[in-house]
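First up is the structure itself, then whatever we jot down about it.
Nothing in this text is a laboratory measurement; each read-out follows from the coordinates by a stated rule. This one's a predicted model, so the numbers in the text were calculated from it and none came from an experiment. No Cβ is skipped: glycine too gets one built from the backbone with ideal geometry, and neighbour counts run over all protein chains shown.
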Amino acid sequence: MFAEPLFKKRTRSLHISLKGMSMSEKVLAKANVGFYPKEKPGMGQALKGQLILTDRRLVYVRYSGGKYLTAKTADYSDRIDEGLRNEESFEVPLNNITEAKADRVWGTPYFRLRYQTPSGEKACSLVFVSAMNAMAAGGLLGLAFAKSPYDQLAKAIEQLKASHTDETTTENSSKYCPNCGHQLAFKDSFCANCGVKC
């Protein structure tokens, strides 16, 4: 018998269940943001919340407690589903994002997001009110030298979307047994027809 370790290494990994599927989700970055439910930030008061980027989705959790100055800040990166219960909080699967762009209005940088919903395309804008904390080793997916945190976030989302597309293509592709030519699923390591290791 092996002894259980006295201390278990704590990782930033969440176990979530979406539509009956169970998967492991990693938090890659988080930041306190001002949220505007329109394409460009305006003169009105932003909603204060936390933006969380995972390897599966982009999440905005609105802080409770009122308007921008009276909102009670909290870290929801290890309890995303709880944060999504807050009014006006939402999540966007990475594959539903149609545009993630760093932009400027009146000389002020902001992050513009366009995404698909069942009711059509929506847009919002976000302004960082804290530094973006990268949780992944080596910075946010190796983008430490991007122009701004807005650029880093936009490029990270594009890279994650591309990697999800590659994974889906790879999972759905097939290969053939070199011995008998039988079609195999990409994940198969042995041919079901002749038993040869592929």
What is the set of long-range amide H partners of S89 at a cut-off below 5 Å, with H atoms built 1.01 Å from backbone N?
R62
In what sequence do S89, S119, S24, S148 fall when counting other Cβ within 10 Å, fewest first?
S119, S24, S148, S89
What number results when the radius of gyration of the range 13-134, computed over Cα atoms, is divided by 2.2 N^0.38 Å?
1.03
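What's the extension gain from S119 to E158 if we count 0.36 nm per residue and subtract their Cα-Cα distance?
In short, 11.7 nm is gained.
Quick one: order L28, L84 by neighbouring beta-carbon count within 10 Å, fewest to most.
Ranked by crowding around the Cβ, least crowded first: L84, L28.
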Counting alpha carbon pairs within less than 8 Å and at least 6 residues apart, what relative contact order, in whole percent, applies to the range 13-134?
27 percent
From the phi angles alone, apply the Karplus equation (6.51, -1.76, 1.60; θ = phi - 60°) to the range 64-72 and give each ³J(HN,Hα) in whole Hz, x where the residue is Gly or Pro.
7, x, x, 6, 3, 6, 9, 5, 8
Rounded to two decimals, what ratio of Rg to Rh does the range 56-118 give with C-alpha atoms and a Kirkwood Rh?
1.01
Place a point 7 Å from Cα of L84 in the direction of its Cβ. Which residues in the range 25-59 have their backbone N less than 19 Å from it?
25-31, 49-59
Which far-off residues, 5 or more places away or on another chain, put their amide H under 5 Å from the one on V33, with H placed in the peptide plane?
G49, Q50, L51, V129
Where does each of E99, E39 land when they are ranked from fewest to most other beta-carbon atoms within 10 angstrom?
E99, E39
